[in-house]
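Everything on this sheet refers to the single structure shown next.
Computed from the coordinates by the stated procedures, all read-outs in this text should not be read as laboratory data. Not measured: the values here are computed from a predicted model. Don't worry about glycine lacking a Cβ; one is built from the backbone with ideal geometry, like all the others, and counts go over all protein chains shown.
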Amino acid sequence: MTEDAIDLIEVHASHEAELEADEAELQVTIEGSSLVMGNAVFSKAKEVARLVDALRRHGLAEEDFELRDIRAEVSSGLLGKSASASYDLAVRVKSLDKLPDVLGEIGDAKQATLGTITWHFPDTAAQRAVWLGKCVADANVKAKAIADALPARLVGVHRVVETVAPVHDAHPVPGFGGAPGGLERARAVGLGFRLGQRHKVTVYVTASYRVAAP
């Protein structure tokens, strides 16, 4: 028997939940006066080392820093020890109560500029199961209401398809950093500095039910 020959009722249900961020990832660019390659950047590029040491004093660990990119600045046409460089770092803040201090250190670092803040949200299997259960319960109610109105009798479930909207949020922070008081200046001139820590996630379910005559 083909699917077209089956008497079906198809319903859609959704459940929206609000999550609070538990981590933040900062994209930071540091202008260095020397060119250093690899992980030696964290100890030998003095501008990078200075900022990293300051952030470690607020509880960040070695694994919270990742070098993403290096761009060499060459004025003489030759790449050598005298070349300067821009270092792009990812800084992971795993405890958001430390975030104000971390942002303050970046704002006070003359060579540092904050690019974006990406919020990370908890997304566990247990949470998804609860959301899915609420969607399916809603779909069952809708299907029964339709069957009663036809009238028809629900005899089984043909198919259930679940879709979950992605849970992430990244915000650019233009003009932040590069001089002492950068955070206060960004707020004062209205650069759209946003520290939203909540995100809505929606679970969608499409369910098809087999029906028969009452």
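So the label point goes 7 Å from the Cα of V130 along Cα→C-beta, right? Which residues of segment 6-23 then have their backbone N under 19 Å from it? Within reach of a label on V130, which here means backbone N under 19 Å from a point 7 Å along Cα→Cβ, segment 6-23 contributes 14-23.
Ranked for footprinting exposure by Cβ neighbours inside 10 Å, fewest first, D64, D97 give D97, D64. Highest mean packing comes first when the peptides 144-153, 36-45 are listed by Cβ atoms within 10 Å, giving 36-45, 144-153. Residues I30, I6, I70, ranked from the fewest to the most other C-beta atoms within 10 Å, line up as I6, I70, I30.
One chain, two ends: A17 and L154. Fully extended at 0.36 nm per residue, the span grows by 46.4 nm beyond their Cα-Cα distance. The H on the amide N of A109, modeled in the peptide plane, is under 5 Å from the matching H of G178, each at least 5 residues off or on a different chain. Listed by Cβ neighbour count within 10 Å, with the fewest neighbours leading, W119, W131 appear as W131, W119.
Tell me, how many Å apart are the Cα centres for segment 87-110 and for segment 12-73? Cα centroid to Cα centroid, the span is 8 Å. Straight-line reach from K200: taking Cα to Cα under 23 Å and skipping same-chain neighbours fewer than 8 places apart, the lysines in range are K94, K134.
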